[in-house]
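J.: Here it is: the structure, laid out below.
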Amino acid sequence: PQTMTTPFFSAYPWDKSSLKSMPVDLEQFEKLDAYALKVNVKNSVEELVTALLKQARTDLEKVRAIWMWICHHIEYDVVGYHDKSQLSSKPLDVLQTGKSICEGYAGLFEHMCSIAGIQCMKLSGYSKGYGYKMGQTFTGDSDHAWNAVYLDGRWHLLDSTWGSGSVDDSFTKFTFRYNEFYFLTHPALFINNHFPDNSNWQLLKPTLTLKEFENNMLHNSNFYTLGLLAAQPETAVIQTENGKASISVDCRSATLFKFELKGKEEHGLMTLKKHGMKLDIYPQKTGSHKLQIFAKPSKASGDVYNCVLEYVIECESVNKAMRFPKDLSQPVGPSWFTERQGFLRPSHPDPIIHTNDGRCSLTFTLGKDISVLAQLHSENGSLSEDMRGKHIMQIHRGNQIELKIHLPHAGNFVLKLFAKKKSDPGYYDYIFNYLITCLNTEVKWPAFPQVYKNWAEDYEIVEPLSGRLPANRNVQFKLKMHGIAKVLVQADDTAPLTHNRGYWEGTCNTAGCREVFVMVQENANHSFYSHVLKYEVESQ
């Protein structure tokens, strides 16, 4: 083989700005790409190269034309892969049959470059490609071939086999699916799934050892093309600590994530961050669990999430305390996504809210003109559907909303928040949820009073907050309401409340009745009263 200047190059640190090892403007290639795809020459490799180069001026354009042609005209030979006797990797045979394995792709690439007068090497080594199992070791002969090309005074890497498409899981069918990622891939990314026999050809300083290559996380090309930058941990197998495994992903721009543990979205707590996400997994069985993480850009329409990471979680002990309610949806807690939906400045930035006395209060600034619907779900279904809203009270002050929550008992609860534009008729959209936990078994808060539709958004109950009043007792009322003429509390007798600095105050006796209503007269000229609140009275 021809001798080459050995590659003692400057290292390429990856600055995370480009996936390629040199500046490439894909839009400037559009004409050239379209031309290269149409070239149809099968007689000789020389004629093919001559035809391709008609539209290429620079060395980069020549390499691009050759690359485009090979990626769209040579298919992976799944039959030849299984039966090597029928297989020729000679460039002319590859050209005329239109199929080959990686050896033939790389050989044809090298041959076409040499005809075009471009220095090119065929490289071989180990790859994490078809059939790769997470955490496996590599021994014996190399299993893959690719190329390095010399452009602008340094070497660059590419893999036309992987650029052309993919084989299915049973390795019986090849599908053309062009992948831009493998054209002049940055060496810091190429090393993720290509380990050359000669470590100089990693084009990295320092170079990776085979052991590091084996242990490192495999990031498929989706990972980088979706703008993801890094994942922690960097090894594919994670041992749980105290029943927990933590994963985080960094990314460049707002990205939505999903995960599956053994094919189900459970036993995890995922939070979105401005530049990525964090996931805590608590497997509820010991042993090995496969974890997959999926992503999609927040701008993408449609619901297509691509798998970007796979881990194996080895769980030695189960943390039973971290069993999450079935109703908990991922991601949990507030994020840039909930901000976009109009929930700003959350009082509780964390996904889990712990309360000792069974009460908590959340506030948000509403950035849009939205109505909010809040529901509480208990893990054992102890809250029936009509009770889900009754342990939450909304209080509005200007564009601030406060949610007061009184838990009916100890345990884990999911607080689900829905919203809709005030101007929209119809349904509320689910936005996000929190996990609320309370370990105090003494806790037993009654529901809030029932609120009728004439209770205005910015009215407020100071007391009584409990929707269940004691029997045979004088009960103190204090309500903040404005713009009304009169307020009555109707029990066995009817008592008026008096107006004092924006509050309506007074007492009522609960003797002899099962329910107490608060009614308001909105206009002094009409004797019409409307119900705004209803309380239950405990039985004698």
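J.: Taking SER301, is it outside any strand (DSSP E or B), closer than 30 Å to ASN192 by Cα and within 24 Å of the chain's Cα centre (by Cα)?
T.: Against the criterion (outside any strand (DSSP E or B), closer than 30 Å to ASN192 by Cα and within 24 Å of the chain's Cα centre (by Cα)), SER301 qualifies.
J.: For the list (1) open to solvent by less than 40 Å² (accessible area, probe 1.4 Å); (2) closer than 18 Å to ILE431 by Cβ, I need the number of the one condition that VAL308 fails.
T.: Result: VAL308 fails condition (2) only.
J.: Taking into account only those residues within region 378-401 that are in contact (Cβ under 8 Å) with a residue 12 or more places away in the chain and among the charged types (D, E, K, R), which is least open to solvent (accessible area, probe 1.4 Å)?
T.: ARG388
J.: Which condition number does TYR535 fail, the rest of (1) among the hydroxyl-bearing types (Ser, Thr, Tyr); (2) assigned to a strand (DSSP E or B); (3) open to solvent by 40 Å² or more (accessible area, probe 1.4 Å) being met?
T.: (3)
J.: I need a count of the residues in region 508-529 that are among the hydrophobic types (A, V, I, L, M, F, W, C) and in a loop (DSSP other than H, G, I, E, B).
T.: 4
J.: Restricting to region 126-152, name every residue that is polar (S, T, N, Q) and exposed (fewer than 13 other Cβ atoms within 10 Å of the Cβ).
T.: Matches in region 126-152: GLN136, THR137, THR139.
J.: Take the residues in region 467-501 that are buried (at least 17 other Cβ atoms within 10 Å of the Cβ) and under 50 Å from the mean Cα position of the chain (by Cα), then tell me which one is farthest from VAL537 (Cα to Cα).
T.: Among them, the one singled out is ILE484.
J.: Give just the number: which of (1) in contact with a Gly (Cβ under 7 Å, 6 or more places away or on another chain); (2) in a loop (DSSP other than H, G, I, E, B); (3) hydroxyl-bearing (Ser, Thr, Tyr) does THR498 not satisfy?
T.: Evaluating THR498 over (1) in contact with a Gly (Cβ under 7 Å, 6 or more places away or on another chain); (2) in a loop (DSSP other than H, G, I, E, B); (3) hydroxyl-bearing (Ser, Thr, Tyr) leaves (2) as the failure.
J.: Among (1) under 27 Å from LYS285 (Cβ atoms); (2) open to solvent by 20 Å² or more (accessible area, probe 1.4 Å); (3) assigned to a loop (DSSP other than H, G, I, E, B), which single condition is ALA321 missing?
T.: So ALA321 meets the others, but not (3).
J.: Sticking with this one: I'd like the full set of residues that are at pLDDT below 95 and of a type in the set (A, V, I, L, M, F, W, C), limited to region 139-173.
T.: Selection gives VAL167, PHE171.
J.: Is at least one residue of region 389-397 out of contact with any Gly (no Cβ under 9 Å at 6 or more places or on another chain), in a loop (DSSP other than H, G, I, E, B) and at pLDDT 95 or above?
T.: Within region 389-397, one or more residues are out of contact with any Gly (no Cβ under 9 Å at 6 or more places or on another chain), in a loop (DSSP other than H, G, I, E, B) and at pLDDT 95 or above.
J.: A further question on this structure: Count, please, the residues in region 21-43 that happen to be modelled with pLDDT of 95 or more and surrounded by 14 or more Cβ atoms within 10 Å (Cβ to Cβ).
T.: 7
J.: For region 85-125, give me each residue that is closer than 25 Å to SER221 by Cα and either in a strand (DSSP E or B) or of a type in the set (Asp, Glu) (or both).
T.: LYS99, SER100, GLU103, GLU110, CYS120, MET121, LYS122, LEU123, SER124, GLY125
J.: Does region 436-445 include one or more residues that are out of contact with any Cys (no Cβ under 8 Å at 6 or more places or on another chain), assigned to a strand (DSSP E or B) and either open to solvent by 70 Å² or more (accessible area, probe 1.4 Å) or among the acidic types (Asp, Glu) (or both)?
T.: no
J.: Being of a type outside the set (A, V, I, L, M) and open to solvent by less than 30 Å² (accessible area, probe 1.4 Å) is the filter; apply it to region 204-232 and report the residue that is nearest to LYS133 (Cα to Cα).
T.: GLU214
J.: Now for a different question. If I filter region 101-125 down to residues being out of contact with any Ser or Thr (no Cβ under 6 Å at 6 or more places or on another chain) and not hydrophobic (A, V, I, L, M, F, W, C), which single residue comes out as surrounded by the fewest Cβ atoms within 10 Å (Cβ to Cβ)?
T.: The residue in question is GLY117.
J.: Next up: Among all residue pairs at least 6 apart or on different chains, which show Cβ distances below 9 Å where the first residue, located in region 357-369, is part of a strand (DSSP E or B) and the second is surrounded by fewer than 20 Cβ atoms within 10 Å (Cβ to Cβ) and aromatic (Phe, Trp, Tyr)?
T.: Taking only residues 6 or more apart or on different chains, the pairs are ARG359/TRP445.
J.: Condition test on LYS404, is it surrounded by fewer than 19 Cβ atoms within 10 Å (Cβ to Cβ) and over 22 Å from PRO334 (Cβ atoms)?
T.: No, not satisfied.
J.: As an exercise: evaluate PHE448 against (1) modelled with pLDDT of 95 or more; (2) among the hydrophobic types (A, V, I, L, M, F, W, C); (3) assigned to a strand (DSSP E or B) and give the number of the one condition it does not meet.
T.: With respect to (1) modelled with pLDDT of 95 or more; (2) among the hydrophobic types (A, V, I, L, M, F, W, C); (3) assigned to a strand (DSSP E or B), PHE448 is out only on (3).
J.: Can you name the residue in region 148-203 that is closer than 22 Å to GLY131 by Cβ and of a type in the set (Lys, Arg) and is also farthest from the chain's Cα centre (by Cα) among such residues?
T.: Here the answer is LYS173.
J.: Among the candidates LYS285, LYS258, LYS278, single out the residue that is open to solvent by 10 Å² or more (accessible area, probe 1.4 Å), outside any strand (DSSP E or B), modelled with pLDDT of 90 or more and closer than 18 Å to PHE324 by Cβ.
T.: LYS285
J.: Another question, then. Go through (1) modelled with pLDDT of 95 or more; (2) in a strand (DSSP E or B); (3) open to solvent by 50 Å² or more (accessible area, probe 1.4 Å) and name the single condition ILE293 misses.
T.: Among (1) modelled with pLDDT of 95 or more; (2) in a strand (DSSP E or B); (3) open to solvent by 50 Å² or more (accessible area, probe 1.4 Å), the lone unmet condition for ILE293 is (3).
The values are calculated or read from the model by the stated rules, or taken from the named source; none is laboratory data. Keep in mind that this is a model prediction, so the values were computed, not measured. No Cβ is skipped: glycine too gets one built from the backbone with ideal geometry, and neighbour counts run over all protein chains shown. Side chains are part of the model used for accessible areas, which takes the heavy atoms of the whole protein and leaves out ligands, DNA and RNA. Shrake-Rupley method; radii C 1.70, N 1.55, O 1.52, S 1.80 Å.
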